[in-house]
1. So how much accessible area does residue 589 have, in Å² to the nearest 10, using a 1.4 Å probe?
2. Please list, ordered by chain and number, the residues whose modelled amide H lies under 5 Å from the amide H of residue 266; skip anything fewer than 5 residues away on the same chain.
3. Could you state how much accessible area residue 40 has, in square angstrom rounded to the nearest 10, with a 1.4 Å probe and all protein chains kept in place?
4. Could you order peptides 322-330, 342-350 by the average number of other Cβ atoms within 10 Å of their residues, highest first?
5. Residue 327's amide H: which non-local residues (gap 5+, or another chain) put their own amide H closer than 5 Å, with H modeled 1.01 Å from N in plane and none for Pro or chain starts?
6. With every protein chain in place, what's the accessible area of residue 24 (1.4 Å probe, Å², nearest 10)?
7. Please give the FRET efficiency for residue 394 paired with residue 40, using the beta carbon to beta carbon distance and R0 = 35 Å, rounded to the nearest 0.05.
8. May I ask which of 139/374; 113/139; 122/319; 278/374; 179/270 have a Cα-Cα span longer than 20 Å here?
Amino acid sequence: MSPAAANDTLTTLWNISSTLHLTIIDQSLADAELTLRELRRAGFRCKPQIIGTRSEFLECLERSPCDIVLADYRLSGWTGMDAFSALRRSRREVPFILVTGTLGEEVAVECIKQGVTDYVLKTHLARLPISVARALDEKSLRDTNSFMVEALRESEANSLLLFAHNPLPMWVLESENLKILQVNDAAIGHYGYDRVEFFHMRFSDFHPAEEIPKLLAEFRQEIPLARQSGQWHHRLKNGTVIDVEMVLQKMEYSGNAAALVVAQDITARKRVEEERQKFLTLVENCRDIIAVADPQGNMEYLNPAGRALLGIESTAAVKGIRTSDYVTPEDRNLMNTVILPAFQTSGHWQGELRLRHHQTGRALPVDFVGFLVKDPQTEEPRFIATVSRDISDRRAMELQLQRAQKFEAVGQLAGGIAHDFNNVIGAILGWAELGEELAASSGTPLLTYFKKIHTQCDRITALIRQLLVFARRQIIEPRSLKLNQSVQDVLNLLGKLIGKDIEIRTVLAEDLSVVQADPNKIEQILMNMCLNSRDAMPQGGLLTIETRNAEFSEQDCRTTPGCQPGRYAELRVTDTGVGMNAVVRERIFEPFFTTKGTEKGSGMGLATVFAIVKQHGGFIHVESEPGEGSNFRVFFPVSETTLKPETVPPIVEDQPVRGGTETILIAEDHEGLREMAQATLKSLGYQVLLAADGEEALATFTAHRQEISLALLDVIMPRCSGLMVYSAIKALKPEVAVIFVTGYSDETLALADVVASGVPVLRKPCRPSTLSRRVREALDVAVASSVSRL
């Protein structure tokens with residue numbers, strides 16, 4: 001509800017359209033102007049006289065008309081209460097309201113006791129129009145009552161006429177028992193009883209039972225003059241309970257002691273005040289930015305949340321500031337060319353806007369809703385109200401989601417490429433090793449060429465592993481460990497790699513919590529970050545490696561991307577290098593992105609770090625500014641259980657490869673790998689059967705199950721997976737040996753149950769010698785198991 005509407009409800013006796021002769025006692029002209037603006041905005045037509053000294057006020061009392069006095073409490077050389085005393089001595093019945101900056105509760109109570117009409121704090125001037133309207137109403141009521149009583153004294157007939165036609169409900173009561181002796185037309189019309197019914201009632205019949213003792217006590221008091229008796233509840237004939245304010249006046253009626261009672265229905269006014277208080281409480285406690293400005297764009301109100309978000313220290317600092325000052329320079333053109341014209345045409349505008357922190361100048365993105373409020377009678381613009389919601393967190397989450405989606409898309413692409421490369425390089429590596437062995441045995445000069453092919457295959461294999469790490473498909477072997485041990489292991493290598501011009505400092509927490517992680521991957525993370533820091537310090541500097549415990553609550557996670565509530569072990573690497581700007585920070589974890597020359601790095605180091613951390617369920621946070629160095633903070637979730645590392649049968653590389661005569665089924669959908677494996681095993685004397693997919697593998701095994709001793713199964717194959725083939729052939733021949741071949745970590749997870757039972761897993765790409773040894777080991781284990789069962 002607008003202030004004007006509220007005042008229209010309040011001012012039932014005093015006419016708000018009439019000129020208000022207003023005396024303001026305040027030594028601050030600016031404060032007096034704020035007071036006038038608040039009253040005029042509420043609809044009062046003020047004719048003010050602003051006074052600062054005692055002599056001016058005394059002179060004003062003698063010669064100037066005055067409807068109400070608004071006085072500051074603290075004045076130079078005198079006080080507002082001195083002015084009130086002077087007003088009383090002048091015998092002018094004028095409402096007196098203290099409008100002051102601060103006023104303690106005890107002082108305020110004492111002022112009211114002495115007869116001050118009301119007090120309003122300058123920080124809450126929005127209450128002033130209601131207070132003024134109420135004071136003027138009460139004065140009008142008192143004037144009416146005084147006039148009426150005087151008329152009664154002069155002429156009973158005239159008094160009865162005034163009594164009968166007074167717009168407020170009035171009664172004449174017996175003082176002793178509160179029996180109703182007379183009632184006016186307004187009471188009959190408002191309360192619903194007819195005159196005869198009133199004469200059979202007592203005044204206490206209107207009141208709830210709990211108010212009657214207080215009512216009786218009120219009438220027993222001495223009442224030298226008409227006085228306000230406070231707020232009460234009256235029950236109408238239809239059962240409705242209304243709020244009233246009553247004025248009591250002792251009198252004689254037909255020679256007996258009586259009392260005149262005037263009641264004013266304030267139900268509507270109280271509802272307005274209650275609604276206003278609810279609205280004010282909501283606004284003051286709302287977390288959104290709520291602001292009010294005049295039609296010219298001058299700020300008039302900003303709620304506490306808005307002041308906090310925009311760096312405004314107090315309510316006083318809000319006044320007089322242009323709304324455009326709260327908008328970033330980049331969006332002021334939007335404000336002037338779009339938003340303000342929209343207010344004039346459609347009356348509202350909604351969209352995104354960037355506000356400016358008043359102290360730091362930092363941009364604050366908000367969802368903005370603004371609307372123009374007009375006077376309901378004149379349709380003239382009154383003020384502009386706006387509600388703005390901070391969407392910084394939402395923007396951060398959207399950016400985080402976009403980055404996650406980008407990394408996921410790149411990861412899927414990298415994983416697919418790496419998978420295909422793995423198969424191709426596996427085949428090339430196998431043929432190169434076979435060719436190398438043949439060239440070595442025959443003494444041909446091609447041996448050097450095969451070795452070079454072998455070397456290049458190793459390099460491309462390392463890159464494929466990095467791609468698989470980024471795609472989070474690299475196989476990891478988690479076990480319980482403390483990051484301190486990984487730091488100590490890496491320190492033994494860092495001295496040779498970092499250089500003497502860089503000082504290495506460690507700060508390791510002794511009570512560091514245990515995490516579940518692959519120690520090789522943790523060392524890879526640490527090594528990559530340290531090498532990245534080394535490159536950022538070409539002139540030398542300080543490299544600090546720290547470990548510590550950390551814990552994040554749900555509130556912390558709202559502002560920390562990638563974080564989940566819980567306990568973490570933190571690994572921190574800090575350097576004093578050249579640092580990074582915001583553009584570089586946004587891209588450092590992208591694969592193949594590098595700020596170094598093309599010959600100094602592949603751009604996979606930090607991408608690998610990011611992927612390994614994610615694969616371990618952790619997250620990484622980077623802080624860096626140009627010239628200020630960089631701080632990489634990696635968080636791994638604390639382990640609540642103890643895991644054992646995956647048991648992998650050892651491969652002894654320096655032992656000679658042994659062959660055999662058993663029949664082996666090779667199920668592999670990649671032709672190059674299938675042919676390489678066939679050539680390798682045939683050269684060792686084995687009989688080999690081939691299958692290009694799962695269904696063909698199952699059909700071939702069914703046809704030759706008696707002679708097949710071992711099945712070499714790729715985990716992922718067309719038409720039927722390796723696991724499904726494994727289940728089927730084990731049902732047909734339980735004693736058959738099986739080796740799974742895979743290159744993905746998620747495939748290893750799918751094999752967890754069969755691996756736990758002792759089935760070996762061979763990882764791509766693998767050399768022919770490794771394949772041959774694993775096949776021989778699996779066949780020997782199967783033979784030993786058969787003998788033990790006998």
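1. The accessible area comes out at roughly 10 Å².
2. 243, 244, 245
3. Surface open to solvent at residue 40 totals about 110 Å².
4. 322-330, 342-350
5. Residues meeting the amide H criterion: 356.
6. Only protein atoms counted, so the area is about 10 Å².
7. Once rounded, the FRET efficiency stands at 0.30.
8. In this structure, 139/374; 278/374; 179/270 lie more than 20 Å apart at Cα.
The values are calculated or read from the model by the stated rules, or taken from the named source; none is laboratory data. Remember, predicted model here, so these are calculated numbers, not experimental data. As a convention, Cβ positions derive from the backbone with ideal geometry for all residues, glycine included, and neighbour counts pool all protein chains shown. Just so you know, the surface numbers come from the protein's heavy atoms only, side chains and all, with ligands and any DNA or RNA stripped out. Shrake-Rupley method; radii C 1.70, N 1.55, O 1.52, S 1.80 Å.
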